[in-house]
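Bear in mind these aren't lab numbers, they're just calculated from the coordinates by the rules spelled out. What you see is a predicted model, and the numbers here were worked out from it, not measured in a lab. Cβ atoms come from the backbone with ideal geometry, glycine included; neighbour counts cover every protein chain shown.
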Amino acid sequence: MFSPAIAWREYPQRYRLEAARCTKCGKILYPPRLVCPQCGARTFETVVLPREGKVLTYTVVRVPPTGFSEQTPLPIALVELANGVRVMVQIADVADPESLTIGMPVRLEFRRINSDGEAGVIFYGHKAVRA
Amino acid sequence: MRDVAVIGTGMVHFGELWSDPLRKIWAGAALAALDDAGVKTVDHITIGCMSSGLFTGQEHLASLLADEAGLNGVPATRVESACASGGLALRTGFAEIAAGLADVVLVTGVEKMTDVDGAAATYALGTAADQQWEGFHGITFPGLYAMLARIHMQRHGTTIEQLAQVAVKNHANGRLNPHAQYHLKVTVESVLESTLVADPLHLLDCSPITDGAAALVLASVDKARELGRAKPLVRITGSGLATDSIALANRADLGELAAVRKAAERAYAMAGRKPADIDLVEVHDCFTIAEIMATEALGFFAPGDGGPAVERGDTAIGGKIPVNTSGGLKAKGHPVGATGVAQAVEIVSQLRGAAGERQVKGAKIGMTQNMGGSGGSSVVHILEVE
């Protein structure tokens, strides 16, 4: 479910990769939360995620959800960024899905994710590309 | 805490039930369980259903279904934990009786999935994943399990042939279950030749879209004795529930299903049992990799040995620990809210010695393991026959 309000309130995370760093234990939360799951503290400072990381695991979605049929087959990875934060992202510009590997270095780039028919909103965010 | 027994079971044939609406499918299972128990009314009804709203446009099931069963006015509670909703309904009914709030409870699970098209069904199921931060990028349920499979394969050398053998075994068991959706013969070759859904998972690694319902009647052991039962009394001796992050990005270890491990630890502790005591288990094989990872998390096999165990025949009927004698979600079908209850229906049938051709000889202690999403929740129960 997507709406203009959802798109708007998530701009800081989706567009600018803003995360919250716990001022007590240093754990970085993306997206931000009200309480640190590691130490229970409730004060945070805003930090920006690094763009470099590596593929922890991946798949190629062949039967896509609604709105992604033009992008199928769709390589998606769980990427561990340089600061240890993990993000679920598409891997863009993949000519040969067979060439993907666990451990592959990637870099996040700002891209169009999807355009939603009902809400009439174009969703932007980050995708991974081979570093 | 009071002792709890299962005194009745019922389920409908699982499948694409085009002729029947949710309420009729549910009532078929509920009435069968009430008849099996020989009771006309109950003190409470629990209903596990993941998403009747998205699948059929109907919520407020507790009242709708109590009325449908001729039990208007009886307290009813609908519970939801994605694909573990049925297991949660069982635990909720168990808790009602254990706590002394009720003597007899009708525990049910239901899902009507075929009134919407494939895209809408995929969307509804997808709501069990973290939609905002993972689903947003186009990941699907098969995709999430494919990611877990990829890690298991890399870490332990698990092969796609071992994954396929889970499907082969469960479809072979399903051929012996008259309630199962599919009675197909499946081979390793046919699994590997089926369409890739999300690499490395093929279509035949996935459980299907299914309509169905299952039901149990639970009673306190004292009440069960008072009712006087001809069939062997099956007690629920252990119940465990656990949660985990539904976003894979937040999981501590992507190589295990921590919620399953924790739920099992709690159930084993309550029952005073260990993995070696269990004679058979129904696990949540929504995808073939899920069965392998679940059998490891439940303690039947060491991490990484779940794949080789299938190859050795350890999980077949007649093996060390028969897994999914019913055919599992793979062959019996996976009406998501009904699954956790249907697993218990199979175990009770086995413990009563009434499982026909798929009977595990001498089965005394059985287990069910139901799971929500990609392991974001799990419910484990241990059942024992007197």
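List of remarks:
- In sequence order, calculated HN-Hα J values of segment B:340-347 (Karplus, 6.51, -1.76, 1.60; Hz; x Gly/Pro): x, 7, 4, 4, 5, 4, 5, 5
- Look at the stretch B:139-148: the mean tally of other chain Cβ atoms within 10 Å of its residues' Cβ atoms is 6.
- Partner chain coverage, peptide B:116-122 - average Cβ within 10 angstrom: 2
- Nearest-0.05 FRET efficiency for residue B:18 and residue B:159, computed from C-beta distance (R0 45 Å): 0.75
- Partnerless Cys - the protein assembly as shown, beta-carbon criterion under 4.7 Å: B:49, B:83, B:206, B:286
- Three-way shape label, segment B:172-296, alpha-carbon gyration tensor, a/c 1.5: oblate
- P(r) histogram, all alpha-carbon pairs of segment B:1-40 included - 10 Å bins from 0, percent: 27, 42, 23, 7, 1
- Peptide B:161-173 shows a mean partner chain C-beta count of 0 within 10 Å per residue C-beta.
- In terms of its C-alpha gyration tensor, segment B:250-377 has a rounded overall shape, because the principal axis ratio a/c (a ≥ b ≥ c, square roots of the eigenvalues) stays below 1.5.
- Mean Cα-pair separation over length for segment B:182-324, i.e. relative contact order, pairs under 8 Å, 6 or more apart, %: 18 percent
- Prolate/oblate/rounded label for segment B:94-143 (Cα gyration tensor, a/c 1.5): oblate
- Only aspartates and glutamates eight or more places from residue A:24 in sequence, or on another chain, were considered; those with a Cα closer than 18 Å are A:45.
- Highest-MSF residue in chain B out of B:83, B:49, B:206 [GNM, Cα springs under 10 Å]: B:206
- Chain B: C-alpha pair distances exceeding 28 Å, %: 38 percent
- For residue B:237, the amide hydrogen comes within under 5 Å of the amide hydrogens of B:382, B:383, B:384, counting only partners 5 or more places away or on other chains and with H modelled in the peptide plane.
- Most positive-pole-ward Cα, A:83, A:103, A:53, against dipole of segment A:53-131 from beta carbon charges: A:83
- In angstrom, the C-alpha Rg and Dmax of the protein assembly as shown are 22.9, 71.
- Pairs exceeding 19 Å between alpha-carbon atoms, taken from B:274/B:364; B:24/B:223; A:27/B:262; B:262/B:330; B:320/B:361; B:112/B:330: B:24/B:223; A:27/B:262; B:262/B:330.
- Sequence-ordered 3J(HN,Hα) estimates for segment A:5-13 from the Karplus curve with 6.51, -1.76 and 1.60 and θ = phi - 60° stand at 5, 5, 4, 4, 6, 9, 3, x, 7 Hz, glycine and proline given as x.
- Applying both filters, DSSP loop and at most 14 other Cβ atoms within 10 Å, to the chymotrypsin sites (Phe, Trp or Tyr not before Pro) of segment B:1-106 gives B:18.
- Karplus 3J(HN,Hα) series, Hz, for segment B:163-173 with 6.51 cos²θ - 1.76 cosθ + 1.60 (x for Gly, Pro): 4, 4, 5, 5, 5, 4, 4, 5, 5, 5, 5
- Chain B: most fluctuating residue of B:209, B:139, B:317 per GNM, C-alpha cutoff 10 Å: B:139
- For segment B:17-90, GluC sites (Glu not before Pro) meeting the loop criterion (DSSP other than H, G, I, E, B) and having at most 16 other Cβ atoms within 10 Å: B:59.
- Value in Å of the Kirkwood radius, where segment B:8-117 supplies the Cα pairs that are averaged: 13.9 Å
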